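Here's the structure, in structure tokens; my notes come after.
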Amino acid sequence: MEDSKINGEKGKFSPAFVDIQTAEVVEPPPSMGRRILRIFRKNLLIFLLILALCLGVGIGAALRTVEPKFDYRQLMYLKFPGDLLMNMLKMLILPLIVSSLISGLASLDTRSSGKMGGLAVAYYLITTFAAVVLGIILVVSIGPGYKGGDAKRSGSSKIVNTADTFLDLLRQCFPDNLIEIAFLKPVTEQKEIPYEEETMTTAIMNSTMSTMTTAIMNSTMSTNTTTEMTTSNTTTTPAPKKYLPEVGKTSGMNVLGVVTFSIFFGIIVGRLGEKAKAMKDFFDALNEVTMKLVSLVIWYSPIGVLFLVAHKVVEMENPEQTFQQLLYYFLTVMAGLFAHGFITLPLIYFIFVRKNPLKFIAGVAQAIFTALGTSSSSATLPITMRCLEQNNGVDRRVTKFVAPVGATINMDGTALYEAVAVIFIGQMQGYDLSIGQIIIISITATTAAIGAAGVPQAGLVTMVIVLTAVGFPTEDVTLILAIDWLLDRFRTAINVLGDAFGAGIVAHLARNELKNMDNDIEFGDGQTNNGYISSTLDERL
Ligand code: ASP
């Protein structure tokens, strides 16, 4: 009984013993079965998510063979549990981003937040650009556009103007209405100007007219015949279509607006110190509550992921043919994503942090699988933050700031995919690409990825910016449309992994500032205030 008490397991006999020489309690090594059980229990959610992904593919493949084929309504029902997961995660995005950024930034002094912000932005830019360069090297050396069959166009593309898209990003950062940002965002649409029909040739016109006149004059023809003749002889050509930009609002959360507002709001709350303490406490509490809600949603995620994946597999049209045509393109993007996520990023992490990057990846595995299931880094954000804090022990003050901003603007996977896709299209269509154009692709792909929202297939939309920049027709995007949903899942996973590594690296590089804040600032009751600034207002402003 004594032993079991020492061992901490009340009421249970445990064969622990005391080493006579060292006088230490020595635990017998746990049995193999116990060890496996422990690992399983610790990683239960990850196992469930992997199982859900596999089952989703299996069930989807089995359902594809069912005759008659699933109709629209049945597909909708199949996706329903997945839709619920997406809704739950999306529902949490707004309170989570607002509360984490405000409470995170309010806890930092200006110097620390400035340093962390600078480090984070440098990390985002360097890694995104590295991903683009890697993608370009791979696509140029493999040349997927010269191999495989001819890809067919599917769907249609939108008319996009590069300058307007960049202006939209700034418009989204500074919204005109704070309430609206939860469900509307400004976008410039290219509205077609109605053109005037021009009559083709006067000759045809004249002959028609004269025929008509003669016919009428002779009164030998009926009115009907006259009308028929007119339509058959007169050819009209449309003038080239003209478009005018029109700034409107489209439905969807304006995440950039939410992030920008929360960053400034958080910094000011921090600077005001005691005066705005109520605000800080409020957002701290909101953050705690939201994270608790995340813990609940997390247990539903395997079910949602299963149905999301099964639905997608059943919905696929002609997968064999599509894969054959786009196989090399698919493999090039996958090779790039893999190399970036599992070689470049871990290497950067190891160089700066000197810790095992594989352990770090294992810690965020749950977020990676959720990204695979949801195709959305914003929807995965709650889980990314939870993994970083609970599994990888990243300082909350860092995750609160770096993860939400990362989920919004840091998209390594998307940047890599956009560069590969555009060059692949160029190779397939036989467009010659100069070095200058490749440099343009590398810069625009980086910016287009920053502009892409963390929602499914947002990268496909911003890729039009890259296509336009190098003068390719935007409808060429339809060549890769058929396979985009699948690549989207993998690039989202790498986007999330990039955000996670970013938080880990920034937390390490800013560790001294964080420690100083812990030491410096203490309330009278002896409890640290998690970095809350207690200097005077004058000092702060
Ligand atoms: N789905 C991606 C994400 O949420 C964006 C994209 O590349 O389409 O990160």
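The values are calculated or read from the model by the stated rules, or taken from the named source; none is laboratory data. Nothing here was measured: the structure is a model prediction, and the numbers come from that model. Cβ sites come from the backbone with ideal geometry, for glycine too, and all protein chains shown count toward neighbours.
For T492, indicate whether it is over 13 Å from H340 (Cβ atoms) and more than 9 Å from the ligand (Cβ to nearest atom). No; evaluated as a whole, the condition is false for this residue.
Here Y328 clears all of (1) of a type outside the set (V, I, T); (2) within 24 Å of M253 (Cβ to Cβ); (3) in contact with a Phe, Trp or Tyr (Cβ under 9 Å, 6 or more places away or on another chain) except the condition numbered (2). Out of the residues in segment 340-358 meeting the condition of being touching a residue at least 24 places away in the same chain (Cβ under 8 Å) and under 25 Å from L48 (Cα atoms), tell me which one is farthest from the ligand (Cβ to nearest atom). My answer is P357. Starting from segment 404-433, take each residue that is free of Cβ contacts under 8 Å to residues at least 12 places away in the same chain and list its partners that are more than 16 Å from the ligand (Cβ to nearest atom) and outside any loop (DSSP other than H, G, I, E, B), counting only C-beta distances under 9 angstrom and pairs at least six apart or across chains. Cβ pairs passing all conditions: G430/G145; D432/G426.
Among the residues of segment 314-331, those identified as touching a helix residue (DSSP H, G or I) at 6+ places or on another chain (Cβ under 7 Å), surrounded by 19 or more Cβ atoms within 10 Å (Cβ to Cβ) and at pLDDT below 90 are T322, L326.
Output the helices (runs of 4 or more DSSP H) that fall wholly within segment 26-121 and possess 3 or more residues being of a type in the set (G, A, S) and surrounded by fewer than 22 Cβ atoms within 10 Å (Cβ to Cβ), or say none. Before the answer, list the steps.
On the way: elements: 32-42, 44-64, 72-106.
Once the helices (runs of 4 or more DSSP H) in segment 26-121 are filtered for at least 3 residues that are of a type in the set (G, A, S) and surrounded by fewer than 22 Cβ atoms within 10 Å (Cβ to Cβ), what remains is 44-64.
Taking every residue in segment 368-387 that is touching a residue at least 60 places away in the same chain (Cβ under 8 Å) and pairing it with any residue that is of a type in the set (K, R), at least 6 positions away or on another chain, the pairs with Cβ-Cβ distances below 7 Å are L372/R489; S375/R489; A379/K90. For segment 433-445, residues that are part of a loop (DSSP other than H, G, I, E, B) and within 16 Å of the ligand (Cβ to nearest atom) total 0. The single condition among (1) within 15 Å of the ligand (Cβ to nearest atom); (2) free of Cβ contacts under 8 Å to residues at least 24 places away in the same chain that G393 does not meet is (1).
The set of residues in segment 447-464 being assigned to a helix (DSSP H, G or I) and within 13 Å of the ligand (Cβ to nearest atom) consists of A448, A449, I450, G451, A458, G459, L460, V461, T462, M463, V464.
So which of A419, A403, A415 ends up being within 16 Å of the ligand (Cβ to nearest atom), buried (at least 24 other Cβ atoms within 10 Å of the Cβ) and over 30 Å from L514 (Cβ atoms)? Only one candidate passes the filter, namely A419.
Within segment 370-390, if we keep just the residues that are surrounded by fewer than 24 Cβ atoms within 10 Å (Cβ to Cβ) and over 14 Å from the mean Cα position of the chain (by Cα), the residue that is nearest to the ligand (Cβ to nearest atom) turns out to be R386.
Run down L105, L125 and say which single residue is within 25 Å of the chain's Cα centre (by Cα) and either closer than 30 Å to A421 by Cβ or modelled with pLDDT of 95 or more (or both). Step through it out loud before you land on a result.
Working: L105 fails: either closer than 30 Å to A421 by Cβ or modelled with pLDDT of 95 or more (or both).
Being within 25 Å of the chain's Cα centre (by Cα) and either closer than 30 Å to A421 by Cβ or modelled with pLDDT of 95 or more (or both) holds for just one of L105, L125, which is L125.
Whenever a residue of segment 481-492 is among the charged types (D, E, K, R), its partners that are more than 8 Å from the ligand (Cβ to nearest atom), lying with C-beta atoms within less than 8 angstrom and at least six residues away or across chains, give the pairs R489/L372; R489/G373; R491/V333; R491/L337; R491/L416.
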